[in-house]
Amino acid sequence: MSLSRTSLHPAVSVIVVNFNRVSLLRDCLQSLARQEGVSCEWIVVDNGSSDGSAEMVEQEFPDAILIRNRENLGFCAANNQGIQAARAEFVALLNNDAVAEPQWLYELLEETRFSPMVGMVASKILVAGRPGVIDKVGHGIYWDGQNRGRGSGQVDCGQFDTQREILWPDGCAALYRKSMLDEIGAFDEDFFAYADDADLGMRARCAGWRARYAPWAVVHHHRGATMGKLNPKRIALIERNRVWLAVKHFPLWLLLLNPFFYGLRVLSGVVAGLTGKGEAGQARGIRAKMELGLALLAADWAALRGLPSMWRKRRAWRTRRRLSDKEVVALMRQHLLTLDELSKNVA
């Protein structure tokens, strides 16, 4: 039986951030209306949409809490607004371009029973419109800070149907314990979008919190619908934030080796692109590939300009860390992505 999202004591506060995706947002919220067995409230944060998104929420989903921003504040700041407004013990994030199956929230909550130190739970995220193709099932990481969803592009044959410990969840569809967020802080708004969930996840893991994967908490994601998979702005944000993630959290010796591992990954990506594989392979024509290359260069320059701020955050955070540098490296190694996974596999 579906429980009302208007409960005075919701178990979960679901936050949906939106910018000019009225049709996708409607589908997303309708999927929340079909959730079973969990009392929840909905918090829609609209980042200054001009397509009638906010008006649609007011008319069609009047019980939702609507936060209207005058401009696009980005994924991080908007989610932070939602987290601040949340009343429940748990906060769930759901992208506006994702549709959740009816047991999604129930299965996420069930996984928190594993331990009171489970602060994060990941969903099984499938690619919308491509039945059985995996978008991501929790995150892995490479030595240069690049992180990506596990299983991306694989056909779902049950190989990820085991409840297990993961590195951290993807912010597209994830559950967070509110007390954990109160302890470690929410999203770093300097990231704006992309790798923000990685930074939050790394802070949580270094503070001793655990992350789990709930294989029956399923959502269907229109991958890249918000900005476009090969949009140079998206690529630039991913690359800039990769560097910032490493600066904030990696041991110094690994940080010094970052250019070496970055070079290996770029070379692997170029080789994959020449054979039509990976995201680079999806960029058709010389011009498209040059635009991606220029976006990476611009992103690295932006990352360098932001290093002083990230270094200050690194120093402030390290006083609160519970894991040693050795333990951080061991955690990364346990969830390490291969170059093939990064350069060739794409949903």
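The values are calculated or read from the model by the stated rules, or taken from the named source; none is laboratory data. Source: prediction; values computed, not measured. Counting neighbours? That spans all protein chains shown, and the Cβs are built from the backbone with ideal geometry, glycine included.
Counting only residues that are assigned to a helix (DSSP H, G or I), of a type in the set (S, T, N, Q) and surrounded by 17 or more Cβ atoms within 10 Å (Cβ to Cβ), the range 302-347 holds 1 of them. Checking the conditions here, which among Ala217, Ala204 is modelled with pLDDT of 95 or more, under 20 Å from Ile141 (Cβ atoms), in the same structural domain as Gly74 (by TED's automatic domain parsing) and not in a loop (DSSP other than H, G, I, E, B)? Just a single option satisfies the conditions, and that option is Ala204. Taking the stated definitions as given, is Asn69 more than 28 Å from Glu107 (Cβ to Cβ), under 21 Å from the mean Cα position of the chain (by Cα) and modelled with pLDDT of 95 or more? For Asn69, the condition - more than 28 Å from Glu107 (Cβ to Cβ), under 21 Å from the mean Cα position of the chain (by Cα) and modelled with pLDDT of 95 or more - is not met. Selection within the range 93-134: residues that are under 24 Å from Ala186 (Cβ atoms) and among the small types (Gly, Ala, Ser). The member of this set that is surrounded by the fewest Cβ atoms within 10 Å (Cβ to Cβ) is Ser115. Taking the range 318-334 as the range and being within 16 Å of Leu245 (Cβ to Cβ) and at pLDDT 95 or above as the test, the residues that pass are Leu323, Asp325, Val328, Val329, Leu331, Met332.
Among residues of the range 309-321 that are within 10 Å of Lys248 (Cα to Cα), those with a Cβ under 6 angstrom from a residue that is of a type outside the set (A, V, I, L, M), sequence gap 6+ or separate chain, pair up as Met310/Trp244; Met310/Lys248; Lys313/Lys248; Arg314/Lys248. I'd like the full set of residues that are closer than 25 Å to Val99 by Cα and either touching a residue at least 60 places away in the same chain (Cβ under 8 Å) or outside the structural domain of Ala204 (by TED's automatic domain parsing) (or both), limited to the range 167-180. Within the range 167-180, Leu167, Gly171, Cys172, Ala173, Ala174, Leu175, Tyr176, Arg177, Lys178 qualify. Asp63 - would you say it is touching a Cys at 6+ places or on another chain (Cβ under 9 Å) and among the charged types (D, E, K, R)? In short, no.
Sub-6 Å Cβ pairs linking a first residue in the range 243-266 that is touching a residue at least 12 places away in the same chain (Cβ under 8 Å) to a second residue that is surrounded by 20 or more Cβ atoms within 10 Å (Cβ to Cβ) and outside any helix (DSSP H, G or I), at least 6 apart or interchain, are Leu245/Gly145; Leu245/Ala195; Ala246/Gly145; Asn258/Asp144; Phe261/Trp143; Phe261/Asp144; Tyr262/Asp144; Arg265/Asp144, ordered by first then second residue.
Any residue in the range 126-139 that is closer than 23 Å to Asp182 by Cβ, touching a strand residue (DSSP E or B) at 6+ places or on another chain (Cβ under 6 Å) and among the acidic types (Asp, Glu)? There is no residue in the range 126-139 that is closer than 23 Å to Asp182 by Cβ, touching a strand residue (DSSP E or B) at 6+ places or on another chain (Cβ under 6 Å) and among the acidic types (Asp, Glu).
So, Val57, is that one over 22 Å from Leu175 (Cβ atoms) and either touching a residue at least 24 places away in the same chain (Cβ under 8 Å) or surrounded by 14 or more Cβ atoms within 10 Å (Cβ to Cβ) (or both) or not? In short, yes.
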